[in-house]
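The values are calculated or read from the model by the stated rules, or taken from the named source; none is laboratory data. For clarity, every value in this text was computed on a predicted model and none was experimentally measured. Virtual Cβ from ideal backbone geometry, glycine too; neighbours counted across all protein chains shown.
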Amino acid sequence: MRQTPGYKCKMSTVTGSQIERVGATPAPEVAPRRRFLCHCLKVTPDQVQQCITETQAETVHEVTRGCGAGKGCTACHCRIKDLLAGLCDDCGQSKRRCLCAAQPV
(Lines give C-alpha, C1' and ligand atoms only; values in the text may rest on other atoms or scores of the structure.)
Protein backbone atom coordinates (compact mmCIF):
# COMPACT_ATOMS: atom_id res chain seq x y z
CA MET A 1 0.00 0.00 0.00
CA ARG A 2 1.37 3.37 -1.00
CA GLN A 3 1.24 6.20 1.49
CA THR A 4 1.18 9.88 0.69
CA PRO A 5 3.41 12.29 2.62
CA GLY A 6 1.84 13.41 5.87
CA TYR A 7 -0.64 10.52 5.90
CA LYS A 8 -0.62 8.31 8.97
CA CYS A 9 -2.30 4.94 8.83
CA LYS A 10 -4.58 4.34 11.79
CA MET A 11 -5.67 0.84 12.67
CA SER A 12 -9.29 0.52 13.67
CA THR A 13 -10.25 -1.41 16.78
CA VAL A 14 -13.10 -3.87 16.96
CA THR A 15 -15.44 -3.56 19.90
CA GLY A 16 -17.10 -6.42 21.73
CA SER A 17 -20.52 -5.46 20.34
CA GLN A 18 -19.17 -5.66 16.78
CA ILE A 19 -17.85 -9.17 17.48
CA GLU A 20 -21.23 -10.21 18.88
CA ARG A 21 -23.07 -8.87 15.80
CA VAL A 22 -20.87 -10.88 13.47
CA GLY A 23 -21.14 -13.97 15.63
CA ALA A 24 -17.40 -14.46 15.81
CA THR A 25 -15.46 -15.36 18.88
CA PRO A 26 -12.33 -13.40 19.74
CA ALA A 27 -9.08 -15.33 19.38
CA PRO A 28 -7.31 -16.24 22.61
CA GLU A 29 -4.23 -14.19 23.41
CA VAL A 30 -1.99 -17.24 23.81
CA ALA A 31 -2.57 -20.60 22.17
CA PRO A 32 -3.24 -23.27 24.80
CA ARG A 33 -0.65 -25.98 25.27
CA ARG A 34 -1.56 -29.52 24.34
CA ARG A 35 -2.96 -31.25 27.38
CA PHE A 36 -2.43 -34.84 26.24
CA LEU A 37 0.34 -36.37 24.18
CA CYS A 38 -1.77 -39.52 23.69
CA HIS A 39 -5.43 -38.59 23.39
CA CYS A 40 -6.69 -42.19 23.18
CA LEU A 41 -5.38 -43.12 26.63
CA LYS A 42 -5.20 -39.59 28.10
CA VAL A 43 -1.43 -39.64 28.74
CA THR A 44 0.31 -36.29 29.21
CA PRO A 45 3.77 -35.34 27.90
CA ASP A 46 4.99 -35.20 31.52
CA GLN A 47 3.85 -38.78 32.13
CA VAL A 48 5.65 -39.96 28.99
CA GLN A 49 8.82 -38.08 29.99
CA GLN A 50 8.63 -39.61 33.47
CA CYS A 51 8.24 -43.07 31.92
CA ILE A 52 11.27 -42.49 29.67
CA THR A 53 13.35 -41.34 32.64
CA GLU A 54 12.30 -44.06 35.09
CA THR A 55 12.39 -47.05 32.71
CA GLN A 56 15.23 -45.71 30.51
CA ALA A 57 13.03 -46.42 27.50
CA GLU A 58 14.70 -46.05 24.11
CA THR A 59 11.89 -47.03 21.73
CA VAL A 60 8.21 -46.22 21.24
CA HIS A 61 7.40 -49.85 22.09
CA GLU A 62 9.16 -49.55 25.46
CA VAL A 63 7.25 -46.31 26.22
CA THR A 64 3.99 -48.01 25.23
CA ARG A 65 4.71 -50.88 27.63
CA GLY A 66 5.73 -48.45 30.37
CA CYS A 67 2.88 -45.93 30.41
CA GLY A 68 0.42 -46.99 27.72
CA ALA A 69 0.90 -44.02 25.40
CA GLY A 70 0.70 -45.12 21.77
CA LYS A 71 -1.47 -48.22 22.21
CA GLY A 72 -4.53 -46.67 20.52
CA CYS A 73 -4.54 -45.05 17.10
CA THR A 74 -0.69 -44.59 17.05
CA ALA A 75 -0.95 -40.94 15.95
CA CYS A 76 1.21 -39.92 18.92
CA HIS A 77 4.16 -42.13 17.95
CA CYS A 78 5.94 -39.22 16.24
CA ARG A 79 5.65 -37.08 19.40
CA ILE A 80 6.90 -39.97 21.53
CA LYS A 81 9.89 -40.31 19.18
CA ASP A 82 10.56 -36.57 19.59
CA LEU A 83 10.59 -36.93 23.40
CA LEU A 84 12.88 -39.96 23.11
CA ALA A 85 15.22 -37.84 20.99
CA GLY A 86 15.20 -35.12 23.66
CA LEU A 87 13.04 -32.64 21.74
CA CYS A 88 10.44 -30.34 23.30
CA ASP A 89 6.85 -31.53 22.77
CA ASP A 90 5.59 -27.96 22.31
CA CYS A 91 8.05 -26.41 19.87
CA GLY A 92 10.09 -29.34 18.53
CA GLN A 93 13.41 -27.72 19.46
CA SER A 94 16.14 -29.47 21.40
CA LYS A 95 15.86 -28.97 25.15
CA ARG A 96 18.95 -26.70 25.07
CA ARG A 97 17.38 -24.35 22.49
CA CYS A 98 13.78 -24.50 23.74
CA LEU A 99 12.31 -21.29 25.10
CA CYS A 100 8.93 -22.77 26.05
CA ALA A 101 9.96 -23.39 29.67
CA ALA A 102 10.95 -19.73 30.04
CA GLN A 103 7.55 -18.50 28.84
CA PRO A 104 4.54 -18.36 31.16
CA VAL A 105 1.86 -20.99 30.58
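From the set of residues in the stretch 77-100 that are of a type outside the set (Lys, Arg) and in a helix (DSSP H, G or I), which is farthest from GLY66 (Cα to Cα)?
CYS100
Would you confirm whether any residue within the stretch 8-25 is modelled with pLDDT under 90, in a loop (DSSP other than H, G, I, E, B) and basic (Lys, Arg)?
If we filter the stretch 8-25 for residues that are modelled with pLDDT under 90, which is where we start, we get 8-25.
Narrowing the set further to residues that are in a loop (DSSP other than H, G, I, E, B) leaves 8-15, 23-25.
Still in the running and basic (Lys, Arg): 8, 10.
Checking the stretch 8-25: at least one residue is modelled with pLDDT under 90, in a loop (DSSP other than H, G, I, E, B) and basic (Lys, Arg).
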Pairs returned, first residue in the stretch 72-95 that is under 16 Å from THR44 (Cβ atoms) and free of Cβ contacts under 8 Å to residues at least 40 places away in the same chain, second residue that is surrounded by 12 or more Cβ atoms within 10 Å (Cβ to Cβ) and among the aromatic types (Phe, Trp, Tyr), beta-carbon separation under 9 angstrom, 6 or more apart or interchain, are CYS76/PHE36
Flagged pairs (Cβ under 9 angstrom, 6 or more apart or on separate chains; first in the stretch 38-66, at positive phi; second outside any strand (DSSP E or B) and among the basic types (Lys, Arg)) are LYS42/ARG35
